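The values are calculated or read from the model by the stated rules, or taken from the named source; none is laboratory data. This is a predicted model, so every value here is computed, not measured. Here Cβ is always computed from backbone atoms with ideal geometry, including for glycine, and neighbour counts include all displayed protein chains. Surface accessibility is based on the protein's heavy atoms, side chains included, excluding ligands, DNA and RNA. Shrake-Rupley method; radii C 1.70, N 1.55, O 1.52, S 1.80 Å.
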Protein chains: 2
Amino acid sequence: MKLATYRDGSRDGQLVLVTNRLDRAVFVADIAQTLQAALDRWNAVEQDLRFRAAQLEAGQLAGAFPFQASMCMAPLPRAYQWADGSAYLNHVELVRKARGAAMPPELYSDPLMYQGGSDTLLGPNDDMVFADAAWGIDFEAELALVLGDLPAGATAEEGSRGARLAVLVNDVSLRELIPAELAKGFGFVQSKPASAFSPVAVTLDEFGPAWDGERLHLDLAVWRNGEQVGRLRSGDDMHFSFADLACHLCRTRSACAGTLLGAGTVSNRRAGAGYGCIAEKRMLEILEGGKAVTPYLQHGETVRIEAFDSSGQTVFGSIQQRVVVQPR
Amino acid sequence: MKLATYRDGSRDGQLVLVTNRLDRAVFVADIAQTLQAALDRWNAVEQDLRFRAAQLEAGQLAGAFPFQASMCMAPLPRAYQWADGSAYLNHVELVRKARGAAMPPELYSDPLMYQGGSDTLLGPNDDMVFADAAWGIDFEAELALVLGDLPAGATAEEGSRGARLAVLVNDVSLRELIPAELAKGFGFVQSKPASAFSPVAVTLDEFGPAWDGERLHLDLAVWRNGEQVGRLRSGDDMHFSFADLACHLCRTRSACAGTLLGAGTVSNRRAGAGYGCIAEKRMLEILEGGKAVTPYLQHGETVRIEAFDSSGQTVFGSIQQRVVVQPR
């Protein structure tokens with residue numbers, strides 16, 4: 001089952017069901033008006049949504065209309081929680097190596113995770129608007145799960161079972177603001193502005209064997225200005241599973257339905273995989289030639305992020321964004 | 001105008017208006033069902049709410065009933081953002097001094113602020129439930145503002161003008177988990193579980209001169225097991241104003257209506273002020289005698305936090321919580 005949130009002028013938009021091939025959609029306000037409302041009472045609405053989705057797939061709904069990704073807000077245009085882990089340690093290792101820092105052994109058993117801002121989440125085609133390109137505007141291609149309610153102390157297995165949906169994320173980062181914020185120890189406030197999300201969110205059963213209860217095995221492609229820079233595999237090199245990350249998040253506290261749990265920039269060790277964020281390319285340049293050459297994003301540049309299943313079909317639709325540098 | 005959220009079995013509760021003396025309340029579902037709904041369209045509902053509040057105050061509403069703080073959830077039982085600054089530098093200086101670390105000069109111009117979990121916020125009488133007292137359960141008495149929509153790049157003055165309400169907070173902290181999380185640089189995930197909030201939220205006009213557009217000047221009292229341990233003044237020693245903190249939060253991104261902006265544990269330099277969190281008492285003990293003597297909270301202990309205006313009247317009602325240590 002694929003779900004999206006259509007713009008309707010409101011803050012939370014309108015929930016729609018979308019066909020597997022992303023060609024048709026239908027409003028389901030009689031079941032749930034918004035995705036958060038559906039997640040709030042998932043057990044009560046899931047069956048109705050699935051029945052309606054099957055009708056949509058079979059072409060039986062008179063109210064169906066052509067699906068347009070450009071009409072989409074983020075599946076959750078604002079969320080009660082956005083917790084983002086760093087599951088791909090190749091990324092963390094590169095960051096450390098490029099600044100000459102050792103990799104502390106704890107990082108192999110205790111995941112990095114930050115609490116991100118979730119009050120405004122961007123739709124798949126929303127511009128990335130910033131006052132100053134000197135902040136070092138970067139993208140990060142990643143996957144996230146949308147969780148149901150999890151109790152404090154949830155095990156990894158409970159975390160896995162409690163996951164409802166998967167989404168694709170561009171975790172927008174302001175690289176030049178990160179070092180000073182991280183040095184303060186309190187995490188990211190200014191250096192991780194609003195992230196952008198794929199047109200649709202997908203229930204985990206849709207993935208078949210590509211969701212093994214811990215990891216999502218998808219091909220993740222990343223383009224900068226139309227040139228492909230990343231050919232990543234989201235199931236490879238993922239040191240911490242989504243189940244591990246959910247368990248980490250819930251060690252001392254519960255997580256409310258609608259929590260977005262990210263796994264961090266996908267980063268593969270494989271030669272030719274390319275990169276899911278510019279920072280990684282720059283770190284490789286520092287390690288190879290002593291200095292970063294590839295610039296961060298400037299006004300007018302575009303980013304496209306898309307995931308494909310084993311048959312080459314798009315899973316979530318694509319995130320396609322443009323950078324706008326515009327002093328306030 | 002004072003507002004609260006009554007339990008009704010739903011996740012977000014029911015908005016009520018409460019009299020200035022916290023003795024009577026009335027449901028206002030015909031105006032807004034929840035506090036978030038009111039904040040989402042504040043300009044459209046404010047006048048109706050104020051008119052109704054005046055009627056309630058005048059005893060003209062047949063539907064009014066005695067207000068019970070025990071019926072209250074947090075004013076926002078879940079929020080889209082909880083950003084908590086550290087405005088009282090005495091606290092930061094003590095933390096640093098106790099561990100022999102210098103105070104970096106940047107901290108006097110660049111506030112510490114973290115993005116906190118906001119998916120579950122506790123009501124004023126909810127237990128603090130944890131699996132392990134060894135995590136170092138502590139309270140933090142602080143004030144927070146509830147903001148309206150602020151644009152990216154908002155100035156301090158815009159931040160001040162965009163604030164809607166003030167609330168009292170117990171920012172529950174797990175002290176023994178903090179050092180390891182801060183060392184990772186990514187902020188607090190496990191060491192800052194759900195915070196608790198006062199029964200009522202109060203519009204800023206209610207404070208008269210006690211809100212100067214930058215700071216709230218209130219007396220803040222803190223009790224542990226019925227013994228008063230803090231007699232703080234929230235307007236004193238507040239290095240960064242709420243306006244500064246709003247400006248910091250919005251440097252690179254907007255803030256959505258309903259954002260909770262905290263100013264951190266209130267901490268006064270004045271002799272006899274006592275403390276707003278146990279950690280501070282322990283740091284003073286380390287500085288004076290070489291080791292911390294006062295233990296963190298154990299099962300069955302109680303905390304009470306309450307703010308008073310210049311006439312000695314309670315402002316927000318009190319936060320009164322009990323610690324429950326209960327392995328899962």
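For chain B, the relative contact order comes to 23 percent (Cα pairs under 8 Å, sequence separation of at least 6). Positive contributions from Lys and Arg (+1) and negative ones from Asp and Glu (-1), summed over other residues with Cβ under 12 Å from the Cβ of A:ALA194, come out at -1. Note on chain B: with a GNM built from Cα contacts shorter than 10 Å, the maximum mean-square fluctuation among B:CYS250, B:CYS277, B:CYS72 falls on B:CYS250. Annotated for chain A: lysine pairs at least 8 residues apart or interchain, Cα distance under 29 Å, count 11. Residues considered: A:GLY274, A:GLY258, A:GLY226. Largest GNM mean-square fluctuation over chain A, using C-alpha springs under 10 Å, is found at A:GLY226.
Label zone (A:ASN43, point 7 Å along Cα-to-C-beta; backbone nitrogen cut-off 20 Å) within region B:1-24: B:8-13.
Take the Cα coordinates of region B:2-71, assign each an equal point scatterer, and use the Debye formula without solvent to give log10 I(q)/I(0) at q = 0.17, 0.25, 0.26 Å⁻¹. With no solvent term, the Cα-only Debye profile gives -0.55, -1.16, -1.23. Note: relative contact order over region A:101-247, using C-alpha pairs below 8 Å and six or more positions apart, is 26 percent. How many percent of Cα pairs in the protein assembly as shown exceed 51 Å? Percent of Cα pairs beyond 51 Å in the protein assembly as shown: 8. Centre-to-centre separation between the Cα atoms of region B:20-92 and those of region B:200-267: 17 Å.
With K and R counted +1 and D and E -1, the other residues having a Cβ less than 10 Å from that of B:GLY85 yield a net charge of -3. With a 10 Å cut-off around each Cβ of A:110-123, the average count of Cβ atoms from other chains is 6.
Could you state the accessible area per residue of the protein assembly as shown in Å², with a 1.4 Å probe and every protein chain left in place?
36 Å²
Each Cα pair under 8 Å and six or more residues apart adds its separation to the average, and for region B:187-328 the resulting relative contact order is 27 percent.
Between B and A, buried accessible area from a 1.4 angstrom probe totals roughly 4600 Å², ignoring ligands, DNA and RNA. Summarising the rotation from chain A to chain B, the nearest chain A beta-carbon to the axis and its distance in Å are given as A:GLY187, 1. For region B:39-68, accessible area lost to neighbouring protein chains reaches 20 Å² or more, against the chain alone with a 1.4 Å probe, at B:ASP40. Normalised by 2.2 N^0.38 Å, where N is the number of residues, the alpha-carbon radius of gyration of region B:82-325 equals 0.95. Neighbours of A:ARG21, meaning other residues whose beta-carbon lies under 13 angstrom from its beta-carbon, give a summed charge of -2 when Lys and Arg score +1 and Asp and Glu score -1.
Taking all protein chains as shown and a probe of 1.4 angstrom, A:ASP12 keeps an accessible surface of around 40 Å².
Other protein chain C-beta atoms within 10 Å of residue C-beta, averaged over B:178-186: 6. Residue order by solvent-accessible surface for B:SER311, A:SER310, A:SER198, B:SER254 is A:SER310, B:SER311, B:SER254, A:SER198, largest first, with ligands and nucleic acids left out and a 1.4 Å probe. For B:ARG269 and B:GLN298, the FRET efficiency from 1/(1 + (r/R0)^6), where r spans their Cβ atoms and R0 equals 22 Å, is about 0.15. Solvent-accessible area of the protein assembly as shown (1.4 angstrom probe, protein heavy atoms only): carbon and sulfur portion equals 50 percent.
The solvent-accessible area of A:LYS281, taken with every protein chain present and a 1.4 Å probe, is close to 70 Å².
Reducing region B:290-316 and region B:108-157 to their Cα centroids gives an inter-centroid distance of 17 Å. Considering only B:PHE240, B:PHE51, B:PHE130, the Gaussian network model of chain B with Cα springs below 10 Å gives its largest mean-square fluctuation to B:PHE51. Taken residue by residue and averaged, Cβ atoms of other chains lying within 10 Å of the Cβ of A:303-313 number 0.
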